[in-house]
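**Student:** Here's a structure for you.
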């Protein structure tokens, strides 16, 4: 039996500058999309002179009637 010696794993060098740039670019894009969405919501798209009316429909009480149905079979 042989015992294999394990090499210590190399640590990957992280590039903090590149990572910071990617994070900053992502945040910038998200911010720009939020501003664009806010502008589109805030834009008043109703033409002048148009009003909206709201009315409540009151249900009518059903009256009970006796109905006779006659069916003739041929």
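A short reminder: the numbers here are calculations on the coordinates, not readings from a lab. Here the structure is a predicted model, which is why all the values come from computation and not from measurement. FYI the Cβ positions are ideal-geometry reconstructions off the backbone, even for glycines, and counts take in every protein chain you see.
**Student:** Want the number for residue 68 to residue 23: 0.36 nm per residue separation, take away the alpha-carbon distance, what's left?
**Tutor:** Working: separation 45, 0.36 × 45 = 16.20 nm, distance 7.78 nm.
Separation in residues times 0.36 nm, less the Cα-Cα distance, equals 8.4 nm.
**Student:** So how much slack lies between residue 55 and residue 40, counting 0.36 nm per residue of separation and subtracting their Cα-Cα distance, in nm? Present the calculation step by step, with values, prior to reporting the outcome.
**Tutor:** Details: separation 15, 0.36 × 15 = 5.40 nm, distance 2.93 nm.
My answer for the length gained is 2.5 nm.
**Student:** Further, regarding this structure: Could you order peptides 52-65, 26-39 by the average number of other Cβ atoms within 10 Å of their residues, highest first?
**Tutor:** Working: 52-65: 5.0, 26-39: 9.9.
Peptide ranking by packing, descending: 26-39, 52-65.
**Student:** Cα axis of helix 16-42 to longest principal axis of the chain: angle in degrees, 0 to 90, nearest 10?
**Tutor:** 20 degrees
**Student:** How would you classify the chain from its alpha-carbon gyration tensor, with a ≥ b ≥ c the square roots of the eigenvalues: rounded for a/c under 1.5, else prolate if a/b is greater than b/c, otherwise oblate?
**Tutor:** Working: a/c = 6.60, a/b = 2.01, b/c = 3.29.
Oblate, because a/c is 1.5 or more while a/b does not exceed b/c.
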